[in-house]
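Novice: Please read through the structure below; I'll follow up with questions.
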Amino acid sequence: MAARAPAKAPAPAAKTPAPAPSRPAPAPSAKQAGGAAVTLGRAPAGEDMAPGVMDLKAMGDAFRPEQPIAAFLDGRKKSRVQTRFGKLAEGPIDIETRGKGNYRIHNQRLPLSHPMFARVGEAVPGLAPCLVVNVESTKIEGRVGFAAGAKLDAFDAQIRKAPEVLGLAGISLGALSGVVNTIAGGRLKVGLSGVPITLGQAFKGKITLIAEDEAIAFDASATIDVKGLATGALEMKRAADGLITGKAAVGLNLPKNFSGSIDVAWDGQAVTGEGKAGYKGEKLSGEVTLRLMDKDQARQLEEQKKAPPEQAPAAPSPAAARASKKVDYVVFGEGDLSFVFNAWLNGTARVIVDPKGFVTIIGKITPQREFELFPQKDYVRQLFKVEIRASYGIPVVGNIFIFANVGMDAFAKVGPAKFYKIIVQGTYSTDPAKCQDFSIQGTLNISAAAGARLRGEGGAGLEVLGHDIKAGAGVNGIAGIKGYAEATPIIGYREKAAPGEDKKGEWFIRGDMEIVAQPFLGLSGDLFVEVDAPWWSPVPDKKWTWPLGGKEWPLGSPLGIGASIDYVFGSGQWPKLDLKPVEFDSSKFMTDLYSDKAKPGKGGDVEKPGKWSEKNSKAADPPPKASPKGNAAPGKAGAPPAAKSKVQPGSAGKGGKPADPNARTATGKTVKQYQDEAAKKGKKPAGGDVKAAGGKQEAAAKSKGKQASEEKITPALAALSALTTRYAKDGASKEEVEAGVNSARRKFKGVFKSLEVVDGGDNWDIKYVINPNRTEKVKKKKGSGAAGSKTNPFPIEWPKRPLANYSSIWLVPENVSNGKQFPQSKLKSMPKAEEFNPTGRKKVFGADTIGVTTAWRPFKDKTFEDSPYKGRVEKEKERFNDLLKKHGYDRETKTAEEGTTDGDHVSELQMVGPSGDTFPNLWPLNHKENRSSGSKLSQTRVTLDDGKQPMIRELTPNKYFFRIIKFTK
């Protein structure tokens with residue numbers, strides 16, 4: 001009975017469904033699907049379950065189960081065995097017995113726990129890695145697969161669909177020829193070996209990620225491929241949790257104006273990049289921030305930045321770009337750059353940088369300061385002045401005196417003229433393809449006033465050694481008219497272009513202007529201290545003033561007119577003009593009525609701060625008709641000596657006795673010594689008598705004559721100085737300088753005794769005689785600096801004709817030419833034939849646009865920079881020839897006009913580089929002239945600073961500047 005017991009064991013098993021390869025393995029838990037820290041459970045024991053646990057890894061290549069499992073298998077046709085593969089996989093499998101010691105295992109799954117698959121659960125929920133085992137006879141084979149319920153996906157198929165199962169989120173795999181997935185010799189080896197990868201469409205490289213049992217080998221690198229960045233290598237690393245990251249500093253591949261690099265990183269999901277770049281251009285300089293982003297995102301961001309705030313589209317979401325499977329990365333930047341147009345038009349500009357490296361200004365440029373065109377100029381003519389003085393002699397010290405005077409002036413004040421509130425706004429870009437649309441706005445103000453001023457002064461003073469030291473108060477009464485002219489022009493330039501056509505630019509002006517005048521009556525007062533010195537004194541005449549207050553009353557209504565204008569230059573239409581009345585605005589009147597800005601004499605006025613009342617106030621009270629009574633208490637003063645007036649009422653001069661020549665001053669010198677020193681310096685007493693009233697009047701007359709002479713000389717010298725300023729940057733020819741000099745000679749006739757232009761080496765010297773002899777220098781036009789530099793480019797003869805002398809061509813539609821070519825004489829008479837001009841841009845029957853743009857046209861004085869270039873690029877030239885051929889143009893047939901022709905790079909590639917191989921720089925030209933021009937230019941010799949004369953082709957590439965001085969054809 002004991003011997004038969006084992007034979008009955010299979011009977012109950014027959015009632016149990018036989019295990020099949022399609023029978024699902026126990027579903028892994030979420031924890032099993034997600035990482036290595038998984039504890040695999042055992043299947044519950046049953047009558048069909050073999051005793052113990054079978055370790056496939058320990059068997060190596062041959063399937064030889066140990067006793068008692070082998071005895072259990074041999075006693076049944078089908079059995080279940082708790083199986084494991086080392087520490088990596090464990091679970092029950094079904095084994096079919098074909099004979100004693102002969103077993104078969106078909107596609108049985110063992111739940112696999114391996115750190116390389118730590119991210120499977122989050123990448124594809126419900127999917128679990130498993131070890132698929134097969135045994136035929138005694139050979140053990142296996143591979144890794146992915147199970148989802150009853151479904152089993154192959155390893156390579158699944159990682160092709162979702163590389164995230166290996167932690168390769170955001171990485172696209174190329175050809176999977178390097179997939180490794182085997183069990184051999186008791187070792188599991190699975191992964192990728194040298195498989196091509198693409199990261200976020202920006203990097204391309206290879207990856208090796210192989211697990212050999214528990215150990216994981218990782219090696220990956222990628223090369224950056226983003227427009228605007230140089231080639232850079234991204235070294236990648238894998239963290240313990242399976243996250244793959246990388247970082248690299250990549251240089252810029254933008255125009256030479258930029259310098260710097262971008263820190264590019266791979267964060268496990270997307271490519272990111274950011275860096276600071278320096279920019280130095282002709283008008284802009286500073287630092288911008290460059291970022292790596294999706295091309296569409298950059299385009300949306302550019303539109304959002306350029307549009308006004310109320311019209312700006314919503315900023316693109318970075319998350320949207322990150323979620324996209326295909327991302328076309330580009331470089332995009334923005335920042336604040338310093339803008340310098342000239343001395344007064346400068347400030348800070350907000351800019352954006354597009355993927356090609358072109359800089360576009362967005363928003364406004366607000367200069368930092370106002371610009372004074374000219375300062376206030378005062379013209380004052382004294383009509384009369386009368387002073388009354390009573391002096392009291394004090395022994396040793398001198399005289400003390402009290403005085404009162406009244407005088408009247410006629411005045412005219414012009415200025416200051418100011419240009420302020422300057423704003424530059426619109427679109428200004430270094431991209432030649434973008435339409436420029438910008439304007440300069442500013443306010444120009446010139447104020448002026450004229451009238452009569454009555455001034456009365458009173459006070460006390462001290463006379464010491466001929467010096468008068470006065471202290472007192474003054475009152476000014478002014479009646480006159482004041483006004484201003486203010487304009488706020490907006491001068492701008494804008495370009496318009498239909499698709500495929502040349503841009504057309506136009507200059508325009510618009511703005512507001514007003515001219516207003518206001519009659520007024522003014523009253524002001526001040527305190528002052530004045531020093532009036534004799535002719536021989538080293539002490540200058542000087543006056544300190546403290547304003548006390550001022551009131552102004554408008555007389556009648558202002559006289560004013562305002563205008564608004566809008567005009568496009570060259571439009572041939574009348575400007576739009578809108579006239580309107582305007583009121584006087586005191587804030588726009590800038591002339592100072594109460595201080596003379598230019599006074600003759602060796603000293604000058606110094607105005608001290610004082611408290612002023614508001615001007616032009618209509619609510620101001622008129623001046624009182626009578627002064628209020630004083631409140632001085634009566635008293636009795638000591639009896640002074642009798643006062644004797646030194647100046648009789650009605651006289652015009654200053655009184656005072658001559659200083660004693662033997663009197664000593666505080667320095668120890670006598671008055672006579674000071675007089676002698678002054679005489680040696682050319683000073684003379686006025687009229688020979690210090691105390692004579694007429695002496696000072698005579699000195700004033702001489703000073704006035706000198707002032708009149710200076711007023712003629714100053715503008716004459718300014719005219720010559722303007723020549724120097726005008727040509728300071730680019731220089732001038734002798735003819736240009738002589739034209740300016742002749743204009744100054746005619747305008748200021750009689751001022752210059754002689755005036756001539758002579759060669760002064762690097763400058764044109766303007767020599768003139770007024771008193772004394774002087775010379776102005778104007779920079780020569782030929783430039784300076786090292787030979788071949790920007791300021792002194794190499795002069796070259798252009799070996800071809802000007803663009804205007806290129807011939808126009810006739811073309812026909814493709815359905816007319818039917819793949820054939822015809823001479824020009826026949827082509828222009830064929831149906832639907834059209835003429836194409838080298839200087840006019842035009843589409844070829846709805847296809848490509850041909851015609852040479854302004855940027856590529858050679859002309860006299862055109863300068864090529866960073867030349868010469870080596871090598872040739874002719875891909876676009878060949879396409880250009882094919883395009884013309886397709887539309888009937890026969891460039892092989894010799895014509896009377898041109899002979900055999902060839903597509904010509906109008907601006908030679910050795911001057912402009914590979915970028916010149918473009919349709920806007922191509923036009924047919926006689927093939928002999930075209931093919932000989934390049935060699936002629938390359939063999940042209942230039943002279944270096946050391947006297948050597950190499951050919952252009954022998955020069956260091958991309959270093960020099962060249963300027964066309966004439967055409968050989």
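Novice: Under a 1.4 Å probe, what is the accessible area of segment 74-214 per residue, stated in Å²?
Specialist: Here the per-residue accessible area is 38 Å².
Novice: Whenever you get a sec, compute what percent of the accessible area on segment 804-945 sits on carbon and sulfur atoms (1.4 Å probe).
Specialist: Carbon and sulfur atoms account for 48 percent of the accessible area of segment 804-945.
Novice: Sticking with this one: Taking the simple approach of a point 7 Å from Cα along Cα-to-Cβ for both K969 and I515, what is their distance in nm?
Specialist: 5.6 nm
Novice: Next question. Give me the one-decimal nm value for the distance between modelled label points at N253 and K832, 7 Å along each residue's Cα-to-Cβ direction.
Specialist: Placing both labels 7 Å along Cα→Cβ, they lie 4.1 nm apart.
Novice: On a straight-distance basis, which aspartates and glutamates could pair with K753 in a cross-link, Cα separation under 18 angstrom, same-chain partners fewer than 8 positions away excluded?
Specialist: Correct list for K753: E710, E711, E738, D765, E776.
Novice: Would you tell me the accessible area of H887, worked out with a 1.4 angstrom probe on the heavy atoms of the protein chains, in Å² to the nearest 10?
Specialist: The accessible area of H887 comes to roughly 10 Å².
Novice: Order E486, E122, E736, E954, most accessible first, counting only protein heavy atoms with a 1.4 angstrom probe. List each step's numbers first, then the result.
Specialist: Working: E486 20, E122 135, E736 60, E954 110 Å².
Correct descending sequence by accessible area is E122, E954, E736, E486.
Novice: Would you mind working out the accessible area per residue for segment 850-918, using a 1.4 Å probe, and quoting it in Å²? Before the final figure, lay out each step's value.
Specialist: Values: 3200 Å² over 69 residues.
Here the per-residue accessible area is 46 Å².
Novice: I'd like the Karplus ³J(HN,Hα) series for segment 458-468: coefficients 6.51, -1.76, 1.60, θ = phi - 60°, whole numbers in Hz, and an x wherever there's a Gly or Pro.
Specialist: x, x, 10, x, 10, 10, 10, 6, x, 8, 9
Novice: Given a 1.4 angstrom probe, I'd like the percentage of the accessible area of segment 207-267 that is carbon and sulfur, rounded to a whole number.
Specialist: C and S atoms contribute 47 percent here.
Novice: How big is segment 43-164 by the Kirkwood estimate over distinct Cα pairs, in Å?
Specialist: 15.2 Å
Novice: Holding the Cα-Cα limit at 23 Å, pick out from K295/K875; K256/K842; K877/K928 the pairs that are longer than that.
Specialist: Violating the 23 Å Cα-Cα cut-off are K295/K875; K256/K842.
Novice: Then there's this: Could you sort M951, M408 by accessible area so the largest value comes first, with the probe set to 1.4 Å?
Specialist: The ordering from most to least exposed comes out as M408, M951.
The values are calculated or read from the model by the stated rules, or taken from the named source; none is laboratory data. Please read all numbers here as calculations on a predicted model, not as lab measurements. Cβ atoms come from the backbone with ideal geometry, glycine included; neighbour counts cover every protein chain shown. Surface areas here come from the heavy atoms of the whole protein model, side chains and all, with no ligands, DNA or RNA. Shrake-Rupley method; radii C 1.70, N 1.55, O 1.52, S 1.80 Å.
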